[in-house]
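Peer 1: Sharing a structure with you now.
We did not get these values from a lab; they are worked out from the coordinates using the rules stated. Treat the numbers as computed from the prediction; the structure is a model and nothing was measured. When we count neighbours, we look across all protein chains shown, and the Cβ atoms used for this are built from the backbone with ideal geometry, even at glycine.
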Amino acid sequence: MDDVTKAVLDYVKREYVEEGDDREVDADTRLISGGIVDSFSMVSLKRFLEKKYQIKIPDEDASPAAFDTVKSIVALVARFRGA
């Protein structure tokens, strides 16, 4: 697992998976459509990514589809880190 995947996965588990929730969260788990991350949480996740990776994710790119799995989030980060 690369560093970005690990950082995003750790953040999601720490911030959005409640204690006692027995759902297994991995890089392919549906976060938004699975009810783990809501629209408010998506905004805080976006801010976390922008601060940690010193990137700017335009609002039009911060779609529910882009934030639905850790894999899609990692791809989004990679896209804007390379910009």
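Peer 1: Scan region 1-80 for GluC sites (Glu not before Pro) in coil per DSSP, keeping those whose Cβ has at most 13 other Cβ atoms within 10 Å, and list them by number.
Peer 2: Filter output for region 1-80: Glu18, Glu19, Glu24.
Peer 1: Same structure again: How far is it, in nm, from the label point at Arg30 to the one at Val43 when both lie 7 Å from their Cα along the line to the Cβ?
Peer 2: 2.5 nm
Peer 1: One-quarter of the Cα convex hull surface for the chain, in nm²?
Peer 2: Orientation-averaged projected area of the Cα hull: 5.1 nm².
Peer 1: Grab the DSSP H runs of the chain that are 4 residues or longer, score each as -39,500 (n - 2.57), total them, divide by all residues and round the 222 nm result to the nearest 500 deg cm²/dmol.
Peer 2: Calculated from helices alone, the mean residue ellipticity at 222 nm is -16000 deg cm²/dmol.
Peer 1: Within the set of other residues whose C-beta is less than 10 Å from the C-beta of Val17, count the net charge using Lys and Arg as +1 and Asp and Glu as -1.
Peer 2: That works out to -3.
Peer 1: Give me the net charge of Ile73's neighbourhood, meaning all other residues with Cβ under 11 Å from the Cβ of Ile73; Lys, Arg count +1, Asp, Glu -1.
Peer 2: Value of the local net charge: +2.
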